[in-house]
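Student: Next up is a structure, given as structure tokens.
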Amino acid sequence: MQRRSFFRVAGATVAASTLVLAGCGTDDPTPTTPAAGANVLTLAAGEVGLLNYAYILEQLEAAFYQKVVDAPPADLRAGEKEALTELRDHEVIHREFLKFALADKAIGTIEFNFSSVTFTTREGVFTAAKKLEDLGVAAYAGVGKLLSGSYLALLAKIASVEARHAAYVRDALQPNSFGTPDAGIIATTGDYAGLNVALTPAQAMAAAAPFLNFTVDVSQLPTT
Amino acid sequence: MNIFKLLATLAEVDPEAYQRQSARRGMLSRLGQVGRKVAATAVPLGLGALPQQAHAGTQTILDTFTLALTLEQLEQEFYATALERGRQGTLVFPAGTQAVIQQIQGHEQSHVTFFQRQLQRSGAAVPAKPNFDFTGSKNGTKPALFPDVFTSFATFLKVAQLLEDTGVRAYKGQVEVLVADNDVLEAVLQIHAVEARHAAHIRGMRRALGATVRDWVSSEDDIITTAGSTDAVYGGEDATRQMLPGTPVKFFPADTTPVAPGPKPLVRLGEAFDEPITATVAANLAGLFIY
């Protein structure tokens, strides 16, 4: 099946002809995280912990959109299925990028709890997408300062794509709501008016808790 | 347990409560002092590229804030002018679009105020607002790039998209300059995210009018730039590989990495990462509208 297929890209300046189809899915050898029976995932100190933190969020988004694409709601409007598929593709790329960067330090594949999501209506899908994308945007806005520099520029490249996603799914849910009216997304008054909310890893993992079957311990992560 | 609701409540009651106000108050203080001399020479963006400043290692946080202020002033005045022309009736806003442009203009005004305030608090000189000409004719001294920018709504949106996407790339190009100062870096990343939301929304407005354009920058978007002037807005944006830090040098995707699903992996790879531009490129692009 198409959705179970991944292309391997050979080299960097590849031509389309160098793309090779390869399997990636149920036979994925990566262990499930956390280990069976454990209910706490402790993120490591330093950059590894921060990248795994981002990797959790990207796994979450990719798994969400995969479920949407596997069984799209019947009431999607013109162009929305294609856009949701592209969102899935972007999140899979982000997920694989972080996994590649972490190499043998990457946490395993997470099974998420999507029981709170209504996948059968476009409103249900875009409501959940809005929650996940706004979470991602705020998490990336908050994680940058915790990085020592080498991965800062790379994660910033992802951060703005997440903000574009957030605007898209918000506008789909409610026209012209790309950045408002939720005052919790972009501050509306005071010295920081016009700035997107930034979340600490602890705040972001608390917001992600409904989708997780375990607790994420972020106490080892850098705080400055 | 709803963190957004909690933050929303905090923001309503006291917008600074969740922003660690005390740490940020003196955001630029020490940098303002060392950078004061630089500010005096960093102002005339309209005259062309920023000399020297774009070279890694020589650019200061003050330079970044000066550039950011200019870009925000440019965007703010652009939207404010469009809204004014709308009131005069010479630019016709389709139903429902005026309020959202008003909202974006409000964000840009907030960003202008933010950078002005930070520069003031640091004791640095606050650069005066440049003169803008959004037709790109430099006040009639050369052929206009966008002669109907404020009479055609489609052209207005096109220029808006170019300005917003430039802003996103310009902020991204500055993050490494800011790495030494957490508060400054976080604030700029927060503004960066808002600019990306704007860019996406403007792109959606263009799509609603029939343009082939996604909310994210895609090599499949209609081309709206002109070689030799505005093409730098998207130059290098469609990169399909990323270089990782460290040695030996590694690239994503490597030939053994599973990457994009679907039939167009390279298009999706290009879309999935927004690329930065240097301060020089950003200043040159802003300079198209400054005289």
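The values are calculated or read from the model by the stated rules, or taken from the named source; none is laboratory data. Since this is a predicted model, take the numbers as computed values, not measurements. Cβ atoms come from the backbone with ideal geometry, glycine included; neighbour counts cover every protein chain shown. For accessibility, only protein heavy atoms count, side chains too; no ligands or nucleic acids. Shrake-Rupley method; radii C 1.70, N 1.55, O 1.52, S 1.80 Å.
Student: Considering only the range B:257-275, state which residues are at the interface with chain A (Cβ under 7 Å from one of its Cβ atoms) and assigned to a loop (DSSP other than H, G, I, E, B).
Tutor: Scanning the range B:257-275 gives B:Thr257, B:Val259, B:Ala260, B:Pro261, B:Gly262, B:Phe273, B:Asp274, B:Glu275.
Student: Among the residues of the range A:91-113, what is the count of those that are more than 26 Å from B:Trp216 (Cα to Cα) and either part of a loop (DSSP other than H, G, I, E, B) or charged (D, E, K, R) (or both)?
Tutor: The total comes to 8.
Student: Please verify whether B:Arg214 is in contact with a Leu (Cβ under 7 Å, 6 or more places away or on another chain), under 18 Å from A:His165 (Cβ atoms) and touching a residue at least 24 places away in the same chain (Cβ under 8 Å), treating the condition exactly as stated.
Tutor: Spelling it out, it is not the case that B:Arg214 is in contact with a Leu (Cβ under 7 Å, 6 or more places away or on another chain), under 18 Å from A:His165 (Cβ atoms) and touching a residue at least 24 places away in the same chain (Cβ under 8 Å).
Student: If a residue has to be in contact (Cβ under 8 Å) with a residue 24 or more places away in the chain, small (Gly, Ala, Ser) and open to solvent by 40 Å² or more (accessible area, probe 1.4 Å) to count, how many in the range B:127-162 make the cut?
Tutor: Result for the range B:127-162: 2.
Student: Being under 8 Å from the mean Cα position of the chain (by Cα) and aliphatic (A, V, I, L, M) is the filter; apply it to the range B:150-174 and report the residue that is farthest from A:Leu152 (Cα to Cα).
Tutor: Residues of the range B:150-174 under 8 Å from the mean Cα position of the chain (by Cα): B:163-171.
Narrowing further to those that are aliphatic (A, V, I, L, M): B:163, B:168, B:170.
Numbers: B:Leu163: 24, B:Val168: 15, B:Ala170: 15 Å.
The residue in question is B:Leu163.
Student: A further question follows. Tell me yes or no: at least one residue of the range A:95-112 is aliphatic (A, V, I, L, M), open to solvent by less than 50 Å² (accessible area, probe 1.4 Å), at the interface with chain B (Cβ under 8 Å from one of its Cβ atoms) and touching an Asp or Glu at 6+ places or on another chain (Cβ under 6 Å).
Tutor: Checked against the condition, which is being aliphatic (A, V, I, L, M), open to solvent by less than 50 Å² (accessible area, probe 1.4 Å), at the interface with chain B (Cβ under 8 Å from one of its Cβ atoms) and touching an Asp or Glu at 6+ places or on another chain (Cβ under 6 Å), the range A:95-112 yields no hits at all.
Student: Just to be sure before I move on: is A:Ala208 outside any loop (DSSP other than H, G, I, E, B), touching a helix residue (DSSP H, G or I) at 6+ places or on another chain (Cβ under 7 Å) and either open to solvent by 50 Å² or more (accessible area, probe 1.4 Å) or more than 9 Å from every other protein chain (Cβ to nearest Cβ) (or both) in the structure I sent?
Tutor: Judged against the criteria, A:Ala208 is a match.
Student: Also, I was wondering about something else. Can you pull out the residues in the range B:270-284 that are closer than 14 Å to B:Gln242 by Cα and surrounded by fewer than 24 Cβ atoms within 10 Å (Cβ to Cβ)?
Tutor: Those that are closer than 14 Å to B:Gln242 by Cα and surrounded by fewer than 24 Cβ atoms within 10 Å (Cβ to Cβ): B:Gly270, B:Glu275, B:Pro276.
Student: Next question. Which of the residues spanning the range B:164-184 are within 9 Å of chain A (Cβ to nearest Cβ) and under 22 Å from B:Ile101 (Cβ atoms)?
Tutor: B:Val168, B:Arg169, B:Tyr171
Student: It is to be established whether one or more residues within the range A:178-190 are among the aliphatic types (A, V, I, L, M), open to solvent by 10 Å² or more (accessible area, probe 1.4 Å) and facing chain B (nearest Cβ under 9 Å).
Tutor: Yes, the range A:178-190 contains a residue that is among the aliphatic types (A, V, I, L, M), open to solvent by 10 Å² or more (accessible area, probe 1.4 Å) and facing chain B (nearest Cβ under 9 Å).
Student: A further question on this structure: When the range B:174-203 is examined, which residues are found to be surrounded by fewer than 22 Cβ atoms within 10 Å (Cβ to Cβ) and of a type in the set (Gly, Ala, Ser)?
Tutor: B:Ala180
Student: Further question on the same structure: Within the bounds of the range A:216-224, is there any residue that is open to solvent by 10 Å² or more (accessible area, probe 1.4 Å) and more than 24 Å from A:Gly108 (Cβ to Cβ)?
Tutor: Yes, the conditions are met somewhere in the range A:216-224.
Student: Of the numbered conditions (1) open to solvent by 10 Å² or more (accessible area, probe 1.4 Å); (2) away from chain A (no Cβ under 12 Å); (3) under 15 Å from the mean Cα position of the chain (by Cα), B:Thr230 satisfies every one except a single condition; which is it?
Tutor: Among (1) open to solvent by 10 Å² or more (accessible area, probe 1.4 Å); (2) away from chain A (no Cβ under 12 Å); (3) under 15 Å from the mean Cα position of the chain (by Cα), B:Thr230 violates only (1).
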